Structure formats: structure tokens, C-alpha cells
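Asker: Sharing a structure here in C-alpha cells format.
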Amino acid sequence: MNDELNQKYEELKESINNAGSAIVAFSGGIDSALVLKIAYDVLGDKTVAVTADSPSLPRKELEETKSIAKQIGARHLIINTEETDNENYLKNPNDRCYYCKTELYNKLNELSKKLGIKNILNGTNFDDISDYRPGLKAADENKVISPLKDAKLTKNEIRELAKHLGLEVWDKPSSPCLSSRVPYGQGITLKKLSMIEAAENFLKDFGIKELRVRHFGDIARIELNEDDKVTINENFDLIQEKFKEIGF
């Protein structure tokens, strides 16, 4: 690591240590995995990873959170969130993420009181603040701490640091929730989420790691890296048949 990244790493450890104890909102992505790793390194058993389970979380991602938390060694709890019961969320406005994160942080605040843990940490990084992310407002309203953002760690620096610390998921592609595959303004339904998950799982069985299946009514749009298009083209008839079976 270069000197600048090492300095940020030391600042990150110090800020997390100052929390004393922490619930880490753990999605299984590289950002929250790094926060969990460092929190467990400096706070030990005063760290609890909490993953929110709902229909918008793919089953494979849920299983991966269990694996990552086990690798780190941290206590891991899975809670159910009910954002898909909220009409504001289901209408799928462009601030949909605000309602999802508000539901998450409300549940984490309840849990923090039960466990006697004062602070909640998330994986928001320094690059995120330049994007449109309505969930950041929910974090601010609930006084959630974003140690990666506070240490000014960018996505590339997070990957480098995670690799240095031996996290196996240091190069894991980002994986937003299934609801993000539905265009804003088109309602979220459990059927749509199920269709998207089934379609993406089918494509991943071909060895494609990074992709999105966008839901446009009865039409699916596949987004993936240029190198993986050959795989799609070679198996197009099979994929089309499976997608029709799913409901596209």
C-alpha cells in the first residue's frame, strides 16, 4: 500500500475503534465487508454483522453473506425487512432506495437497543457521495456512521485495501438489489423480482459473473460485459427458451 492509503487505513481503524461497539449493516458487498473486517479486527465480539433479508435480495447473495461473515469470524444475524409491504416503495419512485434504507435503519435501531450496541455502521464510500443515492438521506436521518466515506476511501482504494487484508471478495462485482432492475415508475411486484432472479441465476450458470437482467414488462434486457456477449450469442436459443419459460 502507498503512504496515502496506509494513512487512510489507520484513520479508518481509529474511527471504528472510537465507536466502542458496532452493528455493521452488512450486504455482502465489498464495501460493507471491509467495514466488517476492520470492525471485527479492532472491536472483536463487540461487532455484529446484520444482513437484511427481503424479496429484493437474491438467495445466492444471502448465502454469500453467511460465507463472508464466517470467513471474517464475526457474529452474523439475519433480519427480515418489509420494504416490499410499503406502497411508497412498490410504486418505484426515483427515491425508492430512501424507503428501503429507512426500513433497514429502523430495524437496526431497534436491534441496537436490544443488544446494547450504540453505533450503526454502513459501507457508504467516498465515491458514493457524488452519485444520486437517496439512501444517504435515510442514513443521515438515523445517525448511521459511514467510516469509509469519512476516511475519504474511494472504491478503488477499498478494493486495494481489502485485497491487502486478505478478503476473498476484494474483486467482487457490485450487486444492487433486484428492484433496481425495474425502471423507475414501473411498479415493483414479487413476481417481477422472482422473474429477474431466476433469469440472472440461469445466466450465471454459464459462468457469467457480472450482469443485470432489466425487467421491461414482457421483455428482458440483458446487460453484461463485452467479453461475455459471446457466451450469450452461442447459447441464445437456449436462453430465449428459458426466459419465455420464466415469463418474458
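The values are calculated or read from the model by the stated rules, or taken from the named source; none is laboratory data. What you see is a predicted model, and the numbers here were worked out from it, not measured in a lab. Here the Cβ is made from the backbone with ideal geometry for all residues, glycine too, and neighbour counts use every protein chain on show. Accessible surface areas use protein heavy atoms only, side chains included; no ligands, DNA or RNA. Shrake-Rupley method; radii C 1.70, N 1.55, O 1.52, S 1.80 Å.
Asker: Can you compute the equivalent ellipsoid semi-axes for the range 141-248, i.e. the square root of 5 times each eigenvalue of the Cα gyration tensor, sorted largest first and rounded to whole Å?
Answerer: 31, 20, 10
Asker: Next up: How would Ile16, Ile129 rank on accessible area, largest to smallest, probe 1.4 Å?
Answerer: Values: Ile16 0, Ile129 85 Å².
Listed by decreasing accessible area, they come as Ile129, Ile16.
Asker: Considering only protein heavy atoms, what per residue accessible area in square angstrom results for the chain with a 1.4 angstrom probe? Working shown, then result.
Answerer: On the way: 12710 Å² over 248 residues.
Accessible surface, normalised per residue, equals 51 Å².
Asker: Place a label point 7 angstrom from the Cα of Thr154 along the Cα-to-Cβ direction, then list the residues of the range 1-43 whose backbone nitrogen is under 17 Å away.
Answerer: 1-9, 31
Asker: Could you name the lysines in cross-link range of Lys155, using Cα to Cα under 18 Å and dropping any fewer than eight places away on the same chain?
Answerer: Candidates past the 8-residue exclusion: Lys8, Lys13, Lys37, Lys163, Lys172.
Asker: Could you work out Rg/(2.2 N^0.38 Å) for the range 198-248, with Rg from alpha carbons only? Can you show the working numbers first?
Answerer: Details: Rg = 10.1 Å, N = 51, 2.2 N^0.38 = 9.8 Å.
Dividing the Cα radius of gyration by 2.2 N^0.38 Å gives 1.03.
Asker: Oh, and also: Only sites in a loop by DSSP and with at most 15 other Cβ atoms within 10 Å count here; which GluC sites (Glu not before Pro) in the range 61-96 make the cut? Mind showing how you got there, number by number?
Answerer: Values: sites: Glu61, Glu63, Glu64, Glu82, Glu83, Glu87; in loops: Glu82.
When the GluC sites (Glu not before Pro) of the range 61-96 are filtered for loop state and at most 15 Cβ neighbours within 10 Å, Glu82 remain.
Asker: Can you spot the lysines whose alpha carbon is less than 21 Å from Lys191's alpha carbon? Ignore those fewer than 8 places along the same chain.
Answerer: Partners within reach: Lys60, Lys91, Lys204, Lys242, Lys244.
Asker: In addition: To the nearest 10 square angstrom, how much accessible area does Ser146 have with a 1.4 angstrom probe?
Answerer: 10
Asker: Here's another thing I want to ask about it. Let a ≥ b ≥ c be the square roots of the eigenvalues of the Cα gyration tensor of the range 42-123; is it rounded (a/c under 1.5), or, if not, prolate (a/b larger than b/c) or oblate?
Answerer: Because a/c hits 1.5 or more and a/b fails to exceed b/c, the range 42-123 counts as oblate.
Asker: Something else: Which percent of the accessible heavy-atom area of the chain goes to carbon and sulfur, probe 1.4 angstrom? Mind dumping the intermediate values first?
Answerer: Details: 5880 of 12710 Å².
So the carbon and sulfur contribution to the accessible surface is 46 percent.
Asker: Listed here are the pairs Lys192/Lys229; Lys66/Lys137; Lys70/Lys143; Lys209/Lys229; which of them are more than 20 Å apart at the Cα?
Answerer: Numbers: Lys192/Lys229 24 Å; Lys66/Lys137 28 Å; Lys70/Lys143 28 Å; Lys209/Lys229 12 Å.
Cα-Cα > 20 Å for Lys192/Lys229; Lys66/Lys137; Lys70/Lys143; rest within.
Asker: Looking at the chain from every direction and averaging, what is the projected area of its Cα convex hull in nm²?
Answerer: Working: hull surface 53.3 nm².
Convex hull of Cα atoms, orientation-averaged projection: 13.3 nm².
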